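Below: one structure, written as structure tokens.
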Amino acid sequence: MIQGTTKLLGVIGHPVEHSLSPVMHNAAIRHLGVDYVYLPFPIRPEDLATAVHGFAAIGLVGFNITIPHKQAIFPLLTTISETAQAIGAVNTVWHTPTGWSGTNTDVDGFLAPLKELNINWPGKQAMILGNGGAARAVVAGCALLGMNPITVVGRSHEKLLAFQTSWQTSPLTVSIQISTWAELPKLLSQADLVVNTTPVGMHPQVDHSPIDPSLFSNLKPGVVAYDLIYTPRPTKFLQLAQAQGATILDGLEMLVQQGAKALEIWLNQPIPVDIMRQSLLEHSDHRG
Ligand code: NAP
């Protein structure tokens, strides 16, 4: 029940209508019986500072951040975690007596299903497809696992170089190699983990795969194929990898676990991750 004492949480973005965060956070809030509500706030880039100052004025407890504010929020924060600094993006903010603090829980989300696998990750080789925002959390996660080298595959050599350079001042020790898609056939057989961070294969382009179907036979035995996409489950990329014997992971668990980590920061109590996961599954069933 929303009442006079109800405390506010939310997500800011532009657009934000598509966000699944209100579904899973409010499911957890209901289950816990805590006096909170989680709302979507569509905020235009030019209104970001006004909105965040307003959030402090109305006593908002914390919020998630999605595109396009993940970098723009930096100057509005008084403390930023080492992880968020390394990634260069913040997705979770909470209010403190001295101002707003921020971190990035996408790394926790990305790592959670990998840690469930019985694999000794240090020294294993990672291949990351794409060099956008999500790839940064994935690189940080692979570095935290001790994977080496981490090869990032992209379309533009300049963007790849800028991506690689940006990690040189990172608090994380990251060994990044960069590669264009043309070099993928010869590199694929060395990777122990292949992560798709491109949107290729996302609904409605469900028949597309970021890697040409003819190349899947190059996958290393025992490889883990991980797609950050969560609609559809599994993607074409994961179906083709599984047909070669790969262990597959889709993006739903990352989405759930980054949310659970954020809620844990705000509520400071154990979070019902199963309830959050179930709420998303039911929501996608409902929407067909
Ligand atoms: P982004 O910043 O726009 O980056 C997308 C990357 O994919 C860019 O490097 C882009 O290359 C590359 N790319 C786009 N189309 C491509 C194509 N046709 N062929 C090859 N490469 C292509 O997006 P993002 O925020 O990183 O998100 C990427 C994906 O991850 C989305 O599907 C998103 O839903 C998913 N995601 C999932 C979670 C989760 O919790 N599961 C979290 C975050 C993101 P250029 O740089 O050359 O343009």
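All of the numbers you see were taken from the coordinates with simple rules; none came from a lab. Computed from a predicted structure; not experimentally measured. In this analysis, Cβ positions are derived from the backbone assuming ideal geometry, glycine residues included, and neighbour counts consider all displayed protein chains.
Name the residue from Trp167, Thr98, Ala134 whose Cα lies farthest towards the positive end of the charge dipole of the chain, charges +1 on Cβ of Lys and Arg and -1 on Cβ of Asp and Glu.
Trp167
When the Cα centres of segment 40-62 and segment 259-278 are compared, how far apart do they sit, in Å?
What the calculation gives is 23 Å, centre to centre.
Would you be so kind as to identify which of Ile2, Leu187, Pro122 lies farthest towards the positive end of the dipole of the chain, taking Lys and Arg as +1 and Asp and Glu as -1 on Cβ and the Cα centre as origin?
Leu187
I'd like to know which of His203, Ala143, Ala89 lies farthest towards the positive end of the charge dipole of the chain, counting +1 on Cβ of Lys and Arg and -1 on Cβ of Asp and Glu.
Ala143
In nm², what is the average projected area of the convex hull enclosing the Cα atoms of segment 1-101? Please report the intermediate quantities before stating the final value.
Numbers: hull surface 26.9 nm².
Answer in nm², one decimal: 6.7.
Across every pair of different alpha-carbon atoms, what Kirkwood hydrodynamic radius in Å does the chain reach?
Numbers: mean 1/r = 0.0506 Å⁻¹.
Its Kirkwood hydrodynamic radius stands at 19.8 Å.
Provide the per-residue ³J(HN,Hα) series for segment 194-209, in order, calculated from phi with Karplus coefficients 6.51, -1.76, 1.60 and θ = phi - 60°, each as a whole number of Hz, with x at glycine and proline positions.
Values per residue, Gly and Pro as x: 10, 10, 8, 10, 8, x, 5, x, 6, 3, x, 8, 6, 8, 8, 10 Hz.
Show me, for segment 161-173, the HN-Hα J-couplings you get by feeding each phi into the Karplus relation (A = 6.51, B = -1.76, C = 1.60, θ = phi - 60°), rounded to Hz, glycine and proline as x.
5, 4, 4, 4, 4, 5, 8, 5, 9, 6, x, 8, 8
Taking the mean number of other Cβ atoms within 10 Å as a proxy for protection, how do you rank 225-238, 120-133 from highest to lowest?
Numbers: 225-238: 22.9, 120-133: 18.6.
Ranking the peptides 225-238, 120-133 by packing returns 225-238, 120-133.
Cα axis of helix 48-57 to longest principal axis of the chain: angle in degrees, 0 to 90, nearest 10?
40 degrees
Quick check for me: using +1 on Lys/Arg Cβ and -1 on Asp/Glu Cβ, what's the dipole size of the chain about its Cα centre, in debye to the nearest 20? It would help to have the intermediate numbers written out before the result.
Values: 16 positive and 20 negative charges, 47 e Å.
So the dipole magnitude of the chain works out to roughly 220 debye.
Pull up all non-local amide H partners of Leu249: gap of 5 or more, or a different chain, and H-to-H distance under 5 Å with H placed in the peptide plane.
Long-range HN contacts for Leu249: Ala225, Tyr226, Asp227.
Could you pull out every residue, at least 5 positions away or on a different chain, whose amide H is within less than 5 Å of the one on Ile178? Hs are placed 1.01 Å off N in the peptide plane, and Pro or chain starts have none.
Here Val152 satisfy the definition.
If amide hydrogens are placed 1.01 Å from N in the peptide plane, which non-local residues have theirs closer than 5 Å to the one on Tyr36?
Result for Tyr36 returns Lys7.
Distance between Cα centroids, segment 139-164 to segment 101-130: provide it in whole Å.
So the separation of the two Cα centres works out to 13 Å.
Please give the peptides 49-55, 204-210, 20-26, 137-143 ranked by average Cβ packing (other Cβ atoms within 10 Å per residue), highest first, as a rough proxy for protection.
Values: 49-55: 15.6, 204-210: 14.0, 20-26: 21.1, 137-143: 27.6.
The most tightly packed comes first, giving 137-143, 20-26, 49-55, 204-210.
From the phi angles alone, apply the Karplus equation (6.51, -1.76, 1.60; θ = phi - 60°) to segment 121-134 and give each ³J(HN,Hα) in whole Hz, x where the residue is Gly or Pro.
6, x, x, 6, 9, 10, 10, 10, 8, x, 9, x, x, 5
If the only charges are +1 at each Lys and Arg Cβ and -1 at each Asp and Glu Cβ, what is the size of the charge dipole of segment 162-239 around the Cα centre, to the nearest 20 debye?
Details: 4 positive and 5 negative charges, 16 e Å.
The dipole of segment 162-239 has a size of about 80 debye.
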